[in-house]
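Student: This is the structure I want to talk about, given as structure tokens.
The values are calculated or read from the model by the stated rules, or taken from the named source; none is laboratory data. What you are looking at is a predicted structure, and each value in this text was computed from that prediction instead of being measured. A quick note on method: Cβ atoms are made from the backbone with ideal geometry, for glycine too, and the neighbour counts reach across all protein chains shown. Note: accessible area is taken over every heavy atom of the protein model, side chains too, but ligands, DNA and RNA are not part of it. Shrake-Rupley method; radii C 1.70, N 1.55, O 1.52, S 1.80 Å.
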Amino acid sequence: IASRQNATAGSASSAHDCPQPKISFIVYKDASLFRDTNVSAAAGRSLSPLVISAKVGTLQHLQLVNEKVRFTFPVPSSDLLKQCSYWDRDTVSWSSKGCSLVNSTRSNVTCSCNHLTNFAILFTRPGVMPASRDHVQALSMISTAGCSLSIFGLLITVLCSLGIRSLRARLHFKLMSFQAISLLCTLVTFLITSNLHTLVPTTVCHVFGMLQHFSLLVSFGWMMLQAILVYKHLVVVFVSDTNFLKNFSWIILSVPLV
């Protein structure tokens, strides 16, 4: 494509004295700038170590009508399925629309695309069917709706347990409200990381991930304390609960930090 466009530009320059269009390429050593939730080890999909970006002048997303750009990627030797892909800015994901696989060997993959953008090779484990964009969006909407309903229910639980004096004075409702707060933090951090992971830096995602993990472990601790309290009331019976929460709460909050 470079030779064809240079020849065309050369004839135009001799006729109209116009400058030749410049074709530039950028090679990314990793795909950290192109994060796609559908590409992960859990989903059985991964990207090639290199990402190639091509543009003509200032036009990076250039649609080619009668020509196709062909490029060859060095790939590690594996039995994974290989798919030519490009970075779709509209859906913020890797797509194979307009790209086709020309040749594939143990060490190289040659692709052909009818547009210029960021290109990479998508590896998929055999037997793993990639989820469609509509499917992923539907699952994301269901998860967001379910988490939102859970957050609403947990807020009601916390407000009732801490707002009503007769309930606030009872140890069982105190533990239940603490567990509800922990689950509330878990769901909120989950919604933030799942919906804003492409808009925030990786460090912020790591921080929210640690907060989510910590709050989930703390909720398990409050659940364990409720089980111990039920055992004391039903089996031991005649035991004071005066320092019960004070003796165990520091363990619940400090163990997850380890």
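Student: Looking at (1) farther than 25 Å from SER24 by Cβ; (2) free of Cβ contacts under 8 Å to residues at least 60 places away in the same chain; (3) not aromatic (Phe, Trp, Tyr), which is the only condition ARG125 fails?
Tutor: So the condition that ARG125 fails would be (2).
Student: Find the residue count for segment 211-226, including only residues that are free of Cβ contacts under 8 Å to residues at least 40 places away in the same chain, farther than 13 Å from VAL188 by Cα and open to solvent by 60 Å² or more (accessible area, probe 1.4 Å).
Tutor: Summing the residues that are free of Cβ contacts under 8 Å to residues at least 40 places away in the same chain, farther than 13 Å from VAL188 by Cα and open to solvent by 60 Å² or more (accessible area, probe 1.4 Å) in segment 211-226 gives 3.
Quick grid of which residues meet (1) among the polar types (S, T, N, Q); (2) under 20 Å from the mean Cα position of the chain (by Cα); (3) more than 30 Å from VAL56 (Cα to Cα):
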site: SER107; (1), (2), (3): yes, no, no
site: VAL136; (1), (2), (3): no, yes, yes
site: VAL158; (1), (2), (3): no, no, yes
site: LYS174; (1), (2), (3): no, no, yes
site: THR189; (1), (2), (3): yes, yes, yes
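Student: Say whether the condition of being under 14 Å from the mean Cα position of the chain (by Cα) and either modelled with pLDDT of 85 or more or not small (Gly, Ala, Ser) (or both) is met by at least one residue in segment 148-156.
Tutor: no
Student: One residue is enough: does segment 213-227 have a residue meeting the conditions small (Gly, Ala, Ser), at pLDDT below 85 and in a helix (DSSP H, G or I)?
Tutor: The answer is no, given that none of the residues of segment 213-227 is small (Gly, Ala, Ser), at pLDDT below 85 and in a helix (DSSP H, G or I).
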